[in-house]
Amino acid sequence: MTTCTTFWRTCRRCVSGACLLAPFVFAALVVAQSGGDAWTTYHGDYTGQRHSGLAQIAPDNVHQITLTWAFATGQTAAIKATPILSNGIVYVTSPDHVWAIDARSGHQVWHYGYPANEGFHIGHRGVAVYKDSVFFTTPDAHLVALNANDGKVKWNVVVADAKKGYWSTNAPLLVRNHLLVGVAGDFDNLPGILTSVDPDTGQTQWVFYSTPPPGTPGSPSDGATGGQMWMTGTYDPQLNLVFVGTGNPTPVLNGPARQGDNRWTDSIVAINPDTGKLAWGFQATRHDTHDWDAAEVPVLVDAAFNGASTKMVMQASRNGYFYVLDRATGHSLLTKPFATANWATGIDQDGRPIPNPAKEPARDGRLVAPDESGGTNYRSPSFDPKTGLLIVSSHDAYGIYFFKPDHGAYGWAGADYGVFGKSALRAIDYRTGDIKWSHDLGEGASGAGVMTTESGLTFTGDTAGNVLALRTSDGATLWHAGIGRVGNSPITYQLDGRQYVLVAGGASLYAWALPEAR
Amino acid sequence: MRKRVRNLTESLGAVLLLYGLLAVAPAAQQASPGQLQSGQRVFAAQCGFCHGRDAMGGETGPDLTKSALVRDAAAGEKLRAVVRDGRVDKGMPAFRLTDADLTAVVAFIRDQKIKTESPGARRSVDVADLQTGDAEAGRRYFNGAGRCAACHSPSGDFAGLATRLQGLQLLQRLLYPSNGRGAKVVVDLPSGGTVRGALAYHDEFTIALTDDDGRYHSWSTGQVKFKVDNPLEAHAEQLGKYTDDDMHNVLAYLQTLR
């Protein structure tokens, strides 16, 4: 039980009183081999903070870290997945592929290739691990359970109909005996669905709809479809609520076809994992006409806000705004832009930006910030409890947006073009929304997420293909390596007393650690 | 999530319609509907990952329907070579496709290009859509608040501009001419010498240039002093200052430069 002891110790050091350790309990259930300090879920734990208690690699020695192994997938697709470390095995994915790799050596233990299919191969976020199973979503929206020991298929179930336009890149979220699987599908006008599956049998337990299923009387979404939940959520065991970000409404750029707020698209929704019922929703963008999914990580933090101990959920959203909510109620505590945004005329009494109708896509074009790829995107942020900073890879970018009736009301239903953008890693003080520091990452958008560690380090990647280690307190660069475009969020784990940092560059995975003692 | 794709049924219908109506590029002319469908299938599975399922841009890859290589109908072999060999410097890997799949993919990309330019096609932006500006107000902005005249002249580099660029292409170029004049850099060496050239690469750690002889040089940014002169910085800065009216007015003015 070394793992649990270490994490309980970490927990007491955290600002977060409830460190939401349930994933690590599950880690202990997975095969009996002793692994060491692990990263057993997509976000590392239920909070989505992506903050590790490990501190062997520190600001004063990070310049000494050295490559201990590299693993080339041999695939053309870049790794966008967060690797999972469980019982000494790293599981990493790209569309149609899962690899199990020895976390000490980089040696491939097994590889699973999903049969050729015509699903959408846009990216893949990673697996979930439970008992002796590895769960993998597919481009044609299936969920496959693999034997963790040898990669053999245990079962394969359909989550959504790929022929209608659904696909999945999702790393499922495990909450007790519920495996929550998200899909995407907003090339077509489809309702947003999140499915809870029994991890032992593959049976569907419930389906949550973010927009009404076909046949629903009335129109609570004002005629909008969409709101897909394609990113992994977070979970608070005390409130027994799962927090998930929902995607944009469809038709995407045609606002007149769906006048109104279009609930619950572009929202953070709080769902009971036992029933699939909505507890509350908060719209980051109401009546979105710019493809600004609020799918970004809803990060859970327990800390003081305006002097009172508060259970918060915070999100740096694709629309360029940073939100802090009371996660018991969904009420707004703070809303403030963290990236260039010119589309709102103010903030309403509920903490939601007020869309400027003049910035809706139009026949002659509107110059709008952020562009379609957003002020940030699926790349994960990290919360550092010591400093109270949410550190996010942000993107200041302009696009031109067009819509005319000829574009119709199906799918994209408009046209938009990115003009120019540049990236910066921004450290947001959650108490005020102020940017404490900003570190330039170059032109274009970085694909790299962020991880912070207890020693005061922040790992991420720039737009040129460097992995970076920065000092969390001020953003100063302490180490870098040019490994190609970093397309995933870094993780860290400890094995045999040695801390490893894993980062993907292109289609390869790199493991860094301090040199071994001679 | 990035999504620019048309419904498969609609797409196929459009392919068949366009076949009868349009003068198409040679590669697409020779492609059968079956080949285009096959190209669409391979593209969606292999290329849509970066370029979007309809080739109009995705999470990391550009809109191929706007690519100069795609525009050049005679460059089919070059396009095939890019797919086969990749563009590693820009993050595009090589793809191991069969000759038949490669031919189908190239035909599909070309066909998508044609569809975006045909009148009435979905997602199109026509020249007529963009005629809401006031040319005289645009001229004043060009010479005043826009500071365009600091670098450009209607009788110099912009003489006859509207005969070369129209519509959306002109609008995009006025906002940010990414293929315009490149940046220059002057590097002062610790030894006392100075090297000048076209900026070839710049990140936090490395600065590189190509000198007048075409030779590439690079240095660690911490070991030299350097000054970059990037004419595009003024365009990037202006993006935060334009009103939509300013943008449309400048476009209207530039359209008068024939």
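The values are calculated or read from the model by the stated rules, or taken from the named source; none is laboratory data. On a predicted model such as this, the values are computed, not experimentally measured, just so you know. Backbone-built Cβ (ideal geometry, glycine too); neighbour counts: all protein chains shown.
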* Any chance A:Leu425 is surrounded by 19 or more Cβ atoms within 10 Å (Cβ to Cβ) and within 12 Å of another protein chain (Cβ to nearest Cβ) -> yes
* Examine segment A:447-456 for a residue that is within 12 Å of another protein chain (Cβ to nearest Cβ), without any contact (Cβ under 8 Å) to a residue 60 or more places away in the chain and surrounded by 19 or more Cβ atoms within 10 Å (Cβ to Cβ), and state whether such a residue exists. => no
* Residue that is touching a residue at least 60 places away in the same chain (Cβ under 8 Å) and buried (at least 23 other Cβ atoms within 10 Å of the Cβ), where the choices are A:Thr275, A:Thr289 -> A:Thr289
* Structure fact -> How many residues of segment A:465-477 are closer than 16 Å to A:Asn61 by Cα, within 12 Å of chain B (Cβ to nearest Cβ) and of a type in the set (A, V, I, L, M)? The answer is 3
* When you go through (1) within 23 Å of the chain's Cα centre (by Cα); (2) crowded, with 24+ Cβ neighbours inside 10 Å; (3) free of Cβ contacts under 8 Å to residues at least 60 places away in the same chain; (4) more than 21 Å from A:Leu333 (Cβ to Cβ) one by one for A:Asp266, which number turns out not to apply? -> (4)
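Yes or no, residue by residue, for (1) touching a helix residue (DSSP H, G or I) at 6+ places or on another chain (Cβ under 7 Å); (2) under 30 Å from A:Pro381 (Cα atoms); (3) more than 14 Å from chain B (Cβ to nearest Cβ); (4) part of a strand (DSSP E or B):
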| residue | (1), (2), (3), (4) |
| --- | --- |
| A:Ser196 | no, yes, yes, yes |
| A:Thr201 | no, no, yes, no |
| A:Pro217 | no, no, yes, no |
| A:Asp222 | yes, no, yes, no |
| A:Trp230 | no, yes, no, no |
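Does segment A:395-410 contain at least one residue that is within 25 Å of A:Trp280 (Cβ to Cβ) and within 14 Å of chain B (Cβ to nearest Cβ)? I'd like the intermediate steps shown before the answer.
Start the filter on segment A:395-410 by keeping residues that are within 25 Å of A:Trp280 (Cβ to Cβ), which leaves none.
Taking every residue of segment A:395-410 in turn, none turns out to be within 25 Å of A:Trp280 (Cβ to Cβ) and within 14 Å of chain B (Cβ to nearest Cβ).
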* Please list, ordered by first then second residue, the pairs with beta carbon atoms under 7 Å, 6 or more apart or interchain, first in segment B:83-98 and farther than 15 Å from B:Val42 by Cβ, second buried (at least 16 other Cβ atoms within 10 Å of the Cβ) and among the basic types (Lys, Arg). => B:Gly91/A:Arg485
* To do: Please work out which one of (1) surrounded by 13 or more Cβ atoms within 10 Å (Cβ to Cβ); (2) in a strand (DSSP E or B) is the condition B:Ala236 fails and give its number.
  => (2)
* Give the number of residues within segment B:164-213 that are more than 14 Å from chain A (Cβ to nearest Cβ) and either among the β-branched types (Val, Ile, Thr) or in a loop (DSSP other than H, G, I, E, B) (or both). => 17
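What tally of residues in segment B:207-241 results from selecting those that are touching a residue at least 40 places away in the same chain (Cβ under 8 Å) and out of contact with any Pro (no Cβ under 8 Å at 6 or more places or on another chain)?
Matching residues across segment B:207-241 total 11.
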* What number of residues within segment A:296-325 satisfy the criterion of being in a loop (DSSP other than H, G, I, E, B), out of contact with any Asp or Glu (no Cβ under 9 Å at 6 or more places or on another chain) and under 15 Å from A:Gly374 (Cα atoms)? -> 2
* Return yes or no: is A:Lys336 away from chain B (no Cβ under 14 Å), assigned to a loop (DSSP other than H, G, I, E, B) and either under 22 Å from the mean Cα position of the chain (by Cα) or over 28 Å from A:Val252 (Cα atoms) (or both)? => no
* To do: Scan segment A:109-126 and report the pairs whose first residue is within 14 Å of another protein chain (Cβ to nearest Cβ) and whose second residue is hydroxyl-bearing (Ser, Thr, Tyr), with Cβ atoms within less than 6 Å and a gap of 6+ or a chain change.
  => A:Tyr114/A:Thr138; A:Gly123/A:Thr169; A:His124/A:Thr93; A:His124/A:Ser94; A:His124/A:Thr169; A:Arg125/A:Thr169
* To do: Could you grab me the full set of residues in segment A:134-166 that are in a strand (DSSP E or B) and either modelled with pLDDT under 95 or charged (D, E, K, R) (or both)?
  => A:Lys154
* To do: Could you tell me which residue of segment B:190-211 is surrounded by the most Cβ atoms within 10 Å (Cβ to Cβ), considering only residues that are touching a strand residue (DSSP E or B) at 6+ places or on another chain (Cβ under 7 Å) and more than 30 Å from A:Ala424 (Cβ to Cβ)?
  => B:Asp211
* Structure fact -> For segment B:50-61, pairs from a residue that is assigned to a helix (DSSP H, G or I) to a residue that is modelled with pLDDT under 75 and not basic (Lys, Arg), with Cβ under 6 Å and 6 or more apart or across chains, are B:Cys50/B:Gly58; B:Cys50/B:Thr60; B:Cys50/B:Gly61; B:His51/B:Gly58; B:His51/B:Gly61
* Asked: Only one of these conditions is not met by A:Leu390: (1) within 13 Å of another protein chain (Cβ to nearest Cβ); (2) crowded, with 23+ Cβ neighbours inside 10 Å; (3) outside any loop (DSSP other than H, G, I, E, B); (4) under 21 Å from the mean Cα position of the chain (by Cα). Which number is it?
  -> (1)
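Tell me yes or no: at least one residue of segment B:140-163 is among the aliphatic types (A, V, I, L, M), more than 30 Å from A:Leu253 (Cα to Cα) and assigned to a strand (DSSP E or B). So that I can check it myself, show each step before the final result.
At the first step, the residues of segment B:140-163 found to be among the aliphatic types (A, V, I, L, M) are B:145, B:149-150, B:159, B:161-162.
Subsequent filtering for residues that are more than 30 Å from A:Leu253 (Cα to Cα) retains B:145, B:149-150, B:159, B:161.
Still in the running and assigned to a strand (DSSP E or B): none.
No.
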* **Close pairs from segment A:65-94: first within 13 Å of chain B (Cβ to nearest Cβ) and outside any strand (DSSP E or B), partner surrounded by fewer than 23 Cβ atoms within 10 Å (Cβ to Cβ) and of a type in the set (Val, Ile, Thr), Cβ under 8 Å, at least 6 apart** => A:Ala78/B:Thr60; A:Ile79/A:Thr73
* Inside segment A:341-386, counting only strands (runs of 3 or more DSSP E) that do not spill past its ends, which hold 1 or more residues that are surrounded by fewer than 23 Cβ atoms within 10 Å (Cβ to Cβ)? -> A:344-347, A:353-355, A:366-368
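Restricting attention to segment A:485-506, which residues are outside any strand (DSSP E or B) and surrounded by fewer than 20 Cβ atoms within 10 Å (Cβ to Cβ)?
Start the filter on segment A:485-506 by keeping residues that are outside any strand (DSSP E or B), which leaves A:485, A:487-490, A:496-497, A:506.
Correct list: A:Asp496, A:Gly497.
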